[in-house]
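S.K.: If you scroll down you'll find the structure; I have some questions about it.
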Amino acid sequence: MDSAQVDAYLRRIGAEYPAGPTLDALRELQLRHLRAVPFENLSVHLGEKIVLDEEPLLDKVVGARRGGFCYELNGAFAALLTALGFEVTLLAARVFGEAGRLGIPYDHLALLVRTGDGGEWLADVGFGAHSLFPLAFGERGEQEDPGGTFRVVEAAEREEAERGEAERGGG
């Protein structure tokens, strides 16, 4: 992503160029992104070609001022964060559905973002109802956010806990 694209993206979400890859900057960028760019899956229903490469994502989210679904929104946001000096890893995620069961593998994309101070954060601008601010990635307890109370749980941990409950006669 070149500097003109970064500037255009920041204008799209109403954000200033951050001084550096800090937690405060990440919090501000995530909140502004969530407020400016809608979650939508219209392309799926309209039969439009979906391309997850950087240029088409930027064209859609920034150029066309559209929204998108998790792979599109978090993919574009990852490109922005990387251009701003954050270290970003794309994470395959699974969403809890009805009865607290995990959805299919790869049904969601989230971001692991490392800030300049070495902090690791779960950022997500591609989920219909998520935290407004990044969550501490290594924290496994409840995390309060203006959007609700959240927990980061690895699927293997959850599946193991569910098996244990079933063996004990629980849910």
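Coordinate-derived values only; no laboratory data. All values derive from a computational prediction rather than experimental measurement. Reconstructed Cβ throughout: ideal geometry from the backbone, glycine too, with neighbour counts over all protein chains shown.
S.K.: Residue by residue, what Karplus-based ³J(HN,Hα) values in Hz, rounded to whole numbers, does the stretch 90-101 have, using 6.51, -1.76 and 1.60 with θ = phi - 60° and x for Gly and Pro?
M.R.: Along the stretch 90-101, the couplings run 6, 10, 6, 10, 10, 9, 6, x, 4, 6, x, 8 Hz.
S.K.: Same structure again: Can you run phi through the Karplus equation (6.51, -1.76, 1.60; θ = phi - 60°) for the stretch 30-36 and list ³J(HN,Hα) in whole Hz, with x for Gly and Pro?
M.R.: Working through the residues one at a time gives 5, 4, 5, 4, 4, 7, 9 Hz.
S.K.: With a cut-off of 8 Å between alpha carbons and a minimum separation of six or more residues, what is the relative contact order of the chain in percent? Don't skip to the end; give the middle numbers.
M.R.: On the way: 257 pairs, mean separation 31.1, N = 171.
Across the chain, relative contact order equals 18 percent.
S.K.: I've got another one for you. Counting DSSP beta bridges in the chain, what percent are antiparallel, to the nearest 5?
M.R.: Roughly 95 percent of the beta bridges in the chain run antiparallel, per DSSP.
S.K.: Here's a follow-up. Go ahead and estimate [θ] at 222 nm for the chain from helices alone: -39,500 (n - 2.57) per DSSP H run with n ≥ 4, summed, over the residue count, rounded to 500.
M.R.: About -11000 deg cm²/dmol.
S.K.: Extension gain Ala136-Thr82, at 0.36 nm per residue separation less the Cα-Cα distance, in nm?
M.R.: Length gained, Ala136 through Thr82: 17.6 nm.
S.K.: Under a point spin-label approximation (7 Å from Cα along Cα-to-Cβ), what is the Ala8-Arg65 distance to one decimal in nm?
M.R.: 1.4
S.K.: Follow-up. Using the basic label-point model (7 angstrom from Cα toward the beta carbon), what is the Arg94 to Val44 distance in nanometres?
M.R.: 1.9
S.K.: So how do 130-139, 91-100 stack up, highest first, on mean other-Cβ count within 10 Å?
M.R.: Averaged packing, sorted descending, gives the order 130-139, 91-100.
S.K.: Now a separate question. In whole Hz, what ³J(HN,Hα) sequence does the stretch 70-82 give by Karplus (6.51, -1.76, 1.60; θ = phi - 60°), x for Gly and Pro?
M.R.: Going residue by residue, I get 3, 5, 6, 5, 6, x, 5, 5, 4, 5, 4, 4, 4 Hz, with x marking Gly and Pro.
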